[in-house]
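Asks: This is the structure I have questions about; it appears just below.
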Amino acid sequence: MSADHKFLIEQIAQGDKQALAALYRALERPVYKFIVSRLNDPHEASDILHEVFMDVWRSAGRFEGRSKVQTWIMGIAYRKSIDAMRKRGRMDLTDETPDMADDGPDQETCLAAGQEAAHVRHCLETLKDDHRSAITLAFYQDMTYGEIAEVAGVPEGTIKTRIFHAKKLLMRCLSGRVERGVA
C-alpha cells in the first residue's frame with residue numbers, strides 16, 4: 001500500500017485532484033482518529049483534517065520519500081494539532097474531557113485485552129499529550145518507534161521512553177479501576 005501512496009503523492013505533485021481524492025479516502029480515517037485523539041474535539045479535528053490534506057496538495061512536490069507517505073502526513077497532522085492546542089492555550093491536556101463515541105473496533109484490542117473501551121479511553125485521557133500521542137501512533141496507527149520519532153520531531157530514544165512510561169501509567173490506571181470495581 002505504501003508504494004501506492006507514493007505513486008499518489010507523485011500524481012498530486014503533478015496537480016492530479018483524483019489522486020488527492022484517492023489518498024484522502026485511503027488515509028482519512030487513521031489521520032482523523034489521530035487528530036481527534038489529541039484534541040478531543042471532533043469538529044476541530046475535521047477542520048484540521050481538511051487543512052492537513054490541503055497542505056499535502058500544496059507540498060506534494062516537496063515530498064522527498066525519506067519516510068512513508070503516511071508518516072509524512074501524520075507529521076503534518078501532529079504539527080497542526082500542536083498549533084491548534086497552542087491557539088487554545090492548552091498544551092497540557094489535564095482537564096476532564098467528554099467521552100466520545102468510537103466508531104472503530106480497535107479501542108478494545110489495542111491496549112488491554114478484556115478491558116472495556118470506555119476504561120481504556122478514560123485512562124488514555126489521563127496521559128500527558130506527548131505520551132498519548134506516542135501510544136496512539138504506536139498502537140492505533142501501527143507505526144514504528146522511528147516513524148513516531150519522525151512525526152514528533154524527537155529522537156527515537158525519547159519515543160521509547162515516552163511509550164515505556166505511558167504503558168506503566170496506563171496499566172496503573174487500568175488496574176486501579178479494576179481494583180476499585182469500576183465497571
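Asks: Just need a number here: residues in segment 141-165 that are open to solvent by less than 50 Å² (accessible area, probe 1.4 Å) and either of a type outside the set (Val, Ile, Thr) or outside any helix (DSSP H, G or I) (or both).
Replies: The number of residues fulfilling the criteria is 9.
Asks: Further question on the same structure: Any idea which of (1) modelled with pLDDT under 90; (2) hydrophobic (A, V, I, L, M, F, W, C); (3) not in a loop (DSSP other than H, G, I, E, B) is the one LEU93 doesn't satisfy?
Replies: (3)
Asks: Given the residues ALA19, ALA3, which is the only one that is farther than 20 Å from THR136 by Cβ and exposed (fewer than 12 other Cβ atoms within 10 Å of the Cβ)? Walk me through it before giving the result.
Replies: On the way: ALA19 fails: exposed (fewer than 12 other Cβ atoms within 10 Å of the Cβ).
Residue meeting the stated conditions: ALA3.
The values are calculated or read from the model by the stated rules, or taken from the named source; none is laboratory data. Not measured: the values here are computed from a predicted model. Cβ: placed from backbone, ideal geometry, glycine included. Neighbour counts: every protein chain shown. Ligands, DNA and RNA are excluded from the accessible area calculation, which covers all protein heavy atoms including side chains. Shrake-Rupley method; radii C 1.70, N 1.55, O 1.52, S 1.80 Å.
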